[in-house]
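Each remark here refers to the structure printed beneath this line.
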Amino acid sequence: MTASRSLLLGLLLLSAIAYAQRSEVGFGIGTFNYTGDLVRTYHVKNLKPAGTVYYRSNISKVVSFRATITAGQLGAKETPIDAFASARDASFNIFLLETSLGFEYHFLNWRDDKRPMRYTPYVFAGLGLFGISGYDVKPEEYSNVQVAIPFGGGFKYIVNPKYYIALEVGIRKTFFDYLDNLSDGDPTQKNYQYGSPNDFDNYFFVGITLTRTFYDIPCPKNPYK
């Protein structure tokens, strides 16, 4: 990540905290999943445990800034679609750690004190970094730290003024083709341990979260100034 991009993300974080009316912290449990050379579509058989912690500051009644750390296992086994995939019969199981910054938009004005609502759907998007471990990295080919674009949506429900729960579904768009440790190779070797270099691997997080809200207490002002 370039210095200018890091500076921009830092400024966004500081501005969000400075203007926030409420701060929130929370955690969640869920699953990671993957699509790539081994599995072309989302499949429940490849669900792996994952968890998340986050900080959120509410810039307005409908927009929030969030900083998130998510980690867990990511893996899959070959789902053969042709003779090549059957001969390859590959699989992988790695640990993935992600950190990201982003924004949420809530479709309903659920923080309106005059018309309180107990729920709202929302969408989110941001920018993240992820690191992987679990197999030998080839530094001449790629780094085990990569950029991802997290985006998705969810549904929040207020349990009481301090706590709410949410169901979130998120996609991580990557620019990386080695989540499964397969990409381009030498077809003349006939070992079948290579994949397509023309598309990137992606991963997903689906989870349930619990959030604790901290309300700001305004300080009294001197009316004679």
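Going from the residue with the fewest nearby Cβ atoms within 10 Å to the one with the most, 199, 177 rank 199, 177. List the pairs from 61/173; 48/162; 48/156; 61/156; 77/156 whose alpha-carbon separation is above 22 Å, in the order I gave them. Beyond 22 Å between Cα atoms: 61/173; 48/162; 48/156; 77/156.
With 0.36 nm allotted per residue and the present C-alpha distance subtracted, the residue 73-residue 212 stretch has 47.4 nm of extension available. Our coupling estimate for region 95-108, obtained by passing each phi through the Karplus curve with A = 6.51, B = -1.76, C = 1.60 and θ = phi - 60°, is 9, 10, 10, 10, 10, 8, 10, x, 10, 10, 10, 9, 6, 10 Hz, Gly and Pro reported as x. Each label was represented as a point 7 Å from its Cα along the Cα-to-Cβ direction; for residue 173 and residue 105 these points are 1.5 nm apart. Distance between the 7 Å Cα→Cβ label points at residue 162 and residue 55: 2.1 nm.
Every number in this text was worked out from the coordinates using simple rules, so none of it is lab data. Source: prediction; values computed, not measured. Please note: Cβ atoms are built from the backbone with ideal geometry, for glycine as well, and neighbour counts cover all protein chains shown.
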